[in-house]
1. May I ask you to order 33-39, 22-28 by the average number of other C-beta atoms within 10 Å around their residues, highest value first?
2. Could you tell me what percent of the accessible area of the range 18-62 is made up of carbon and sulfur, with a 1.4 Å probe and every protein chain present?
3. Counting each DSSP H run of 4 or more residues in the chain as -39500 (n - 2.57), what helix-only mean residue ellipticity at 222 nm follows after dividing by all residues, to the nearest 500 deg cm²/dmol?
4. Could you tell me whether the range 29-81 comes out rounded, prolate or oblate from its Cα gyration tensor? Rule is a ≥ b ≥ c as square roots of the eigenvalues, rounded for a/c under 1.5, then prolate if a/b exceeds b/c, otherwise oblate.
5. Among PRO9, PHE54, LEU72, pick out the residue whose Cα is farthest towards the positive end of the charge dipole of the chain, where Lys and Arg carry +1 and Asp and Glu carry -1 on C-beta, about the Cα centre.
6. Assign unit charges at the C-beta atoms only (+1 for Lys and Arg, -1 for Asp and Glu), then state the dipole size of the chain relative to its Cα centre in Debye, rounded to the nearest 20.
7. Tell me, in nm to one decimal, what length is gained between GLU56 and LYS70 on full extension, where the rule is 0.36 nm per residue of separation less the Cα-Cα distance?
8. How large is the accessible surface per residue of the chain, computed with a 1.4 Å probe and reported in Å² as a whole number?
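The values are calculated or read from the model by the stated rules, or taken from the named source; none is laboratory data. Not measured: the values here are computed from a predicted model. With ideal geometry, Cβ positions are generated from the backbone for all residues, glycine too; neighbour counts draw on all protein chains shown. Note: areas computed on protein heavy atoms with side chains; ligands, DNA, RNA excluded. Shrake-Rupley method; radii C 1.70, N 1.55, O 1.52, S 1.80 Å.
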Amino acid sequence: RLNQPLTQPYILSRRWPMSEQWTDAREVAANTETLERITQGLLHRCRKGIFLGFSELGEGGYEQQGPLLKALQHVLREQEA
């Protein structure tokens with residue numbers, strides 16, 4: 001979305017300052033925040049609990065630390081506090 005300013009929802013928002021630029025760092029932060037909100041909303045819909053399946057290694061044999069796992073960990077940490 002960085003190279004699509006005509007369809008970028010944050011820039012088209014009336015709240016977005018005209019002098020500000022949309023950067024890759026802001027894109028990543030916005031995507032992370034959205035994923036955390038969705039994860040939190042789904043967790044609130046669970047009545048009894050959730051089952052998580054983890055694999056230490058991905059398809060390529062490397063350690064997995066994807067954005068969904070990080071978002072879930074962040075949401076769970078916030079609920080404990």
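1. Working: 33-39: 14.7, 22-28: 11.3.
Highest mean packing first, the order is 33-39, 22-28.
2. Details: 2230 of 4120 Å².
Solvent-exposed carbon and sulfur of the range 18-62 make up 54 percent of the total.
3. Working: 3 runs with 40 residues, N = 81.
Mean residue ellipticity at 222 nm (helix-derived): -15500 deg cm²/dmol.
4. Details: a/c = 2.22, a/b = 1.44, b/c = 1.54.
Oblate, since a/c reaches 1.5 and b/c is not below a/b.
5. Final value for the positive-end residue is PRO9.
6. Numbers: 10 positive and 10 negative charges, 107 e Å.
Roughly 520 debye, rounded to the nearest 20.
7. Values: separation 14, 0.36 × 14 = 5.04 nm, distance 1.40 nm.
The GLU56-LYS70 span can extend by a further 3.6 nm.
8. Working: 7330 Å² over 81 residues.
Per residue, the chain has 90 Å² of solvent-accessible surface.
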